[in-house]
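Structure first, then comments.
The values are calculated or read from the model by the stated rules, or taken from the named source; none is laboratory data. Everything quoted here is computed from the prediction, not taken from an experiment. As a convention, Cβ positions derive from the backbone with ideal geometry for all residues, glycine included, and neighbour counts pool all protein chains shown.
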Amino acid sequence: MKKTRFFLSVKFVLLIFLAWMLLLEEGIRLNMSQEANVGCMPEKVEIQSEAAPQKEEIQNEAAPQSEEIQSETAPQKSETQQTVQNEMTNIPQKSEPKEKEIRVLLMDTGYQSYFHPSVTVAYSGKEVTYTAFDTETFPIIIPKQEEGIVIKSIERQEGNPRYQGSLEIRSTPDGLLLINELPLESYLESVVPSEMPSSYEAEALKAQAVCARTYACRQMQEARLKEYGADVDDSVRFQVYCNIPPQKSTSKAVHATEGEVLCQNGELIQAYYFSTSSGATSTDEIWGAEEEASYLKAVSCQFDKDEPWSSWSVRIPWSMLDGRVSGGALKSLEITRKNQSDAVTGLHVVTDEGSFDLTEEYGIRDFLSPMGCTILEKDGTTVQGGSLLPSAYFTMEVNPGDFVAIQGRGYGHGVGMSQTAANQMAAQGYSYLEILDYFFREVEIQQVDTKEDS
């Protein structure tokens, strides 16, 4: 019995020992597993920390490349998107429009010629002189300058003119041609004060701006100076430009009427204007038109009847007129024809070698030029005569061998709008639309596009 108990006790102890050994083995295995996991974590972190700079390095190298690609491809994407958007909205793809521009041929001092022997320009703090014989490559184009381009070889009423826009200088066998290209509305800012006193009433200035814009646009259509690469010149042959710089009142009138022109049946009219009437306006019959324009019907004009130039007188020496005939000595002068507004449209000139007739308004005024003579105006003011007789509305007393005494009325050709009358109308409360309606028949204001595709 004791022997049996002894074996059971030994067996129990062995079982306890085996159980303990099993638990110990499992503990060792678990501990080894934990140690293995702890050993992998630093290795994993170390790999990430090595890879991160490499990844960042790749990103840093790729980022500029990516940005470069974006900078090259983004506009393409934008244009594609814009194209789709334009197609969807029916908007044609166009670049930003620029202002409609006019090309002005600049005459020399005194408006005698289109050709200049040399030209001196000043801009951006420098001064340059060009001649037709320079080795420079023509044409020379001086781009638009913020402070404008001054031409020091030209004199105008207020000194050397300053031009906005660009200046093109061309060389020809006869000399240099100067062409100023600038936006139409900027051009008008230098036309209106050169053609009408800036002190005139605001509504008169607006009427002048509309006439000047209409006239300019019509000339751009007709291309009379195409051979010179220009639309107009800067003299009375077209419109006086930049003789006086832009003024606040005149620029305001241009801006207030921006794009407005006079039309008849959708077509631009010839919006003529002049200084002072003789008591009535004329049609273009005065220039020999076969059929007068319907919008230029003669109208009675008494608004400017008290203006100094409404009547005037001058005495021209016979010797001065004698020097203007091409052959022989001057014997007599006779008015042979007048138009419906009483303008002289025919002058018969007799010399001892024959005779000839002057039938154009400008030709008559040129032949009877009072250059160097004193003109007496209605208010008693005296002025020196210029290259043209003040107007073709006159009578004359002929004293062969002594002088020709002329009694005249008005200043200018007398066709279209009288500027002094427009000023008086504005002072009496007429609007610029009413002024224009008074001088032009069956016309309407339309809007011309002052922008063009670049």
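Miscellaneous remarks
- Test: residue in the stretch 266-279 that is more than 15 Å from the chain's Cα centre (by Cα), in a helix (DSSP H, G or I) and free of Cβ contacts under 8 Å to residues at least 60 places away in the same chain: no
- Restricting the stretch 326-351 to residues that are at pLDDT below 95 and more than 43 Å from the chain's Cα centre (by Cα), the residue that is nearest to GLY401 (Cα to Cα): GLY328
- Residues that are part of a loop (DSSP other than H, G, I, E, B) and farther than 15 Å from LEU178 by Cα within the stretch 98-109 comprise just one, LYS100.
- Residues of the stretch 379-409 that turn out to be surrounded by 15 or more Cβ atoms within 10 Å (Cβ to Cβ), touching a residue at least 12 places away in the same chain (Cβ under 8 Å), of a type outside the set (Gly, Ala, Ser) and under 25 Å from SER282 (Cβ atoms), as a count: 10
- Qualifying residue in the stretch 296-305 (condition: within 22 Å of MET396 (Cα to Cα), of a type in the set (Gly, Ala, Ser) and surrounded by 14 or more Cβ atoms within 10 Å (Cβ to Cβ)): no
- Taking the conditions (1) at pLDDT below 95; (2) buried (at least 20 other Cβ atoms within 10 Å of the Cβ); (3) among the basic types (Lys, Arg) in turn, ARG213 satisfies each one other than (1).
- Residue in the stretch 280-292 that is out of contact with any His (no Cβ under 7 Å at 6 or more places or on another chain), closer than 29 Å to THR450 by Cα and not charged (D, E, K, R) present: no
- Any hit, the stretch 367-389, residues being under 30 Å from ALA427 (Cα atoms), touching a strand residue (DSSP E or B) at 6+ places or on another chain (Cβ under 9 Å), hydroxyl-bearing (Ser, Thr, Tyr) and at pLDDT below 95: no
- Matching option when the condition is assigned by TED's automatic domain parsing to the domain that holds LEU368 and out of contact with any Gly (no Cβ under 7 Å at 6 or more places or on another chain), among ARG218, ARG315, ARG224: ARG315
- Within the stretch 237-250, the residues that satisfy the criterion of being surrounded by 15 or more Cβ atoms within 10 Å (Cβ to Cβ) and not small (Gly, Ala, Ser) are PHE238, GLN239, VAL240, TYR241, CYS242, ASN243, ILE244, PRO245, PRO246, GLN247, THR250.
- Entry remark, the stretch 413-454: residues being assigned to a helix (DSSP H, G or I), charged (D, E, K, R) and surrounded by fewer than 16 Cβ atoms within 10 Å (Cβ to Cβ) number 1 in total.
- Counted residues, the stretch 207-236 - those being basic (Lys, Arg) and farther than 17 Å from ILE269 by Cβ: 1
- Scanning the stretch 231-262 for residues that are of a type in the set (A, V, I, L, M, F, W, C) and closer than 17 Å to LYS206 by Cβ turns up ALA253, VAL254, ALA256, VAL261, LEU262.
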